[in-house]
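*Asks:* Let me begin by handing over the structure; questions about it come next.
No lab work stands behind these numbers, since they all come straight from the coordinates. The structure displayed is predicted, hence computed values, not measured ones. Note that we place each Cβ from the backbone using ideal geometry, even for glycine, and neighbour counts take in every protein chain shown.
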Amino acid sequence: MQAALVTRLEQATAAVDSVKTRLAESQAERKKIEADVAAIQTRLSKYKGQLTELKTNKEYQTMQHEIAVAESAIRSHETASSSTWKTPKT
């Protein structure tokens, strides 16, 4: 009886340690994604600020394309971030 309880305790402790490790990994990944998104948002802000300075339609279209790419990258990172935080099934 005592040995069974010790075994269950060891298993539960191992499971908790595993969850703590996954949590730390998820938090690190989330911080990385948030930093990437912040960098992209800075770039996006810069692009939007430059729109008024452009002189040709070609430059404007190119900048609009860059803005679309940056916005798409942000959505992609946000999707990755939300999937990182889903609760795994055990």
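*Asks:* Would you mind checking the tilt of helix 2-50 against the longest principal axis of the Cα atoms of the chain, expressed as 0 to 90 degrees and rounded to 10?
*Replies:* Once rounded, one gets 10 degrees.
*Asks:* Nothing charged except the Cβ atoms of Lys and Arg (+1) and of Asp and Glu (-1): what's the magnitude of the dipole of the chain about its Cα centre? Round to the nearest 20 debye.
*Replies:* Dipole magnitude for the chain comes out near 100 debye.
*Asks:* Can you give the FRET efficiency for residue 1 and residue 26, using 1/(1 + (r/R0)^6), R0 = 35 Å, r = Cβ-Cβ distance, to the nearest 0.05?
*Replies:* So, using R0 = 35 Å, E works out to roughly 0.40.
*Asks:* Moving on to the next point. Over the range 26-84, what relative contact order in percent results from Cα pairs under 8 Å that are six or more residues apart?
*Replies:* Over the range 26-84, the number comes to 57 percent.
*Asks:* Run lengths n ≥ 4 of DSSP H only: what is the helix-derived mean residue ellipticity at 222 nm for the chain, with -39500 (n - 2.57) per run over all residues, to the nearest 500?
*Replies:* -31500 deg cm²/dmol
*Asks:* Run the simple label-point estimate for residue 9 and residue 53 please: 7 Å along Cα→C-beta, distance reported in nm.
*Replies:* About 6.7 nm, to one decimal.
*Asks:* Okay, moving on. Which FRET efficiency value, to the nearest 0.05, do you get for residue 18 and residue 67 by plugging their Cβ-Cβ distance into 1/(1 + (r/R0)^6) with R0 = 35 Å?
*Replies:* FRET efficiency, residue 18 to residue 67: 0.25.
*Asks:* Sorting 47, 60 on the 10 Å Cβ count, fewest up front, what's the list?
*Replies:* Ranked by crowding around the Cβ, least crowded first: 60, 47.
*Asks:* Next question, about the same structure. Just want the answer: with Cβ charges of +1 for Lys and Arg and -1 for Asp and Glu, which residue in 19, 42, 60 is farthest toward the dipole's positive end in the range 3-71?
*Replies:* With unit charges placed on the Cβ atoms, the residue in question is 60.
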